[in-house]
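The values are calculated or read from the model by the stated rules, or taken from the named source; none is laboratory data. Computed from a predicted model, the values in this text were never measured in an experiment. Cβ placement follows ideal geometry from the backbone for every residue including glycine, while neighbour counts extend to all protein chains displayed.
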Amino acid sequence: MEKKISIRIVEDDERIREMLRAVLIATPGMRVMDAVGSVEEALALPVDTAADVVLMDVNLPGMDGIQGVRELSQTWEASQFLMYTVNDTDDKVFEALKAGANGYLLKNSSPDQIVQAIREVHAGGSPMSMSVARRVVRHFRPNGAVPRDELGVPLSDREFHVLELLAQGLLYKEIASRMEITEGTVKQHIHRIYGKMHVSNRTEAVNRFFGR
């Protein structure tokens, strides 16, 4: 039997916290270990039971989520941290990423997007809501991507299109919908793209795409 993705939720809004818990409990292949309202409560949880993914709000009472990532990543070294917040200002996004966050998801994301982002971050990716990904792109490369003929990778037209959408922060399901193909086909394209680019995850591929 495939091991379930274990998740901890750190969210002070009880309504949102319970919504997240209900969505994830109902999702095959996932289990919710804990759902708490503050970093301080999270720090009091057993240190020997790190979750695979920690879904972390930014604006929390007491210690905020960014400092929470700094603190908790020292204790839960095996955990991946996915920020879940209404705040997409540049300073918060980059503070969170510098603190060690592995992804950044806005609270207007649908339940399907939340589930897909958790799966992706658990698999080693760096999921981001589209508007957040665009901020990161503008910050690192204001003039856009490396021209295709300078990329130095023999990608097909379809593979290059998938890479463009991947760089925009779209989830696999969104890429499939945009291109009118199945999610499985998207994954096949991405596997071939990673092989041709000699990278192992979205972050490395996007870095190459933007010449970093």
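If the condition is being modelled with pLDDT of 90 or more and part of a loop (DSSP other than H, G, I, E, B), then the range 62-94 contributes G62, M63, D64, S79.
For D91, the criteria (1) free of Cβ contacts under 8 Å to residues at least 24 places away in the same chain; (2) closer than 15 Å to I5 by Cβ hold in every case but one, which is (2). Of the residues making up the range 112-128, those that are within 8 Å of the chain's Cα centre (by Cα) and either among the small types (G, A, S) or not assigned by TED's automatic domain parsing to the domain that holds M56 (or both) are A117, G125, S126. When restricted to residues that are more than 18 Å from the chain's Cα centre (by Cα) and either more than 20 Å from L106 (Cβ to Cβ) or surrounded by fewer than 14 Cβ atoms within 10 Å (Cβ to Cβ) (or both), the range 5-30 contains 7. Here the helices (runs of 4 or more DSSP H) wholly within the range 109-212 that include at least 3 residues being touching a Pro at 6+ places or on another chain (Cβ under 7 Å) and at pLDDT 85 or above are 111-122.
Would it be correct to say that A101 is assigned to a loop (DSSP other than H, G, I, E, B) and either more than 17 Å from K173 (Cβ to Cβ) or modelled with pLDDT of 90 or more (or both)? For A101, the condition - assigned to a loop (DSSP other than H, G, I, E, B) and either more than 17 Å from K173 (Cβ to Cβ) or modelled with pLDDT of 90 or more (or both) - is met. Among the residues of the range 20-34, those that are in contact with a Ser or Thr (Cβ under 9 Å, 6 or more places away or on another chain) and among the aliphatic types (A, V, I, L, M) comprise M30, V32, M33.
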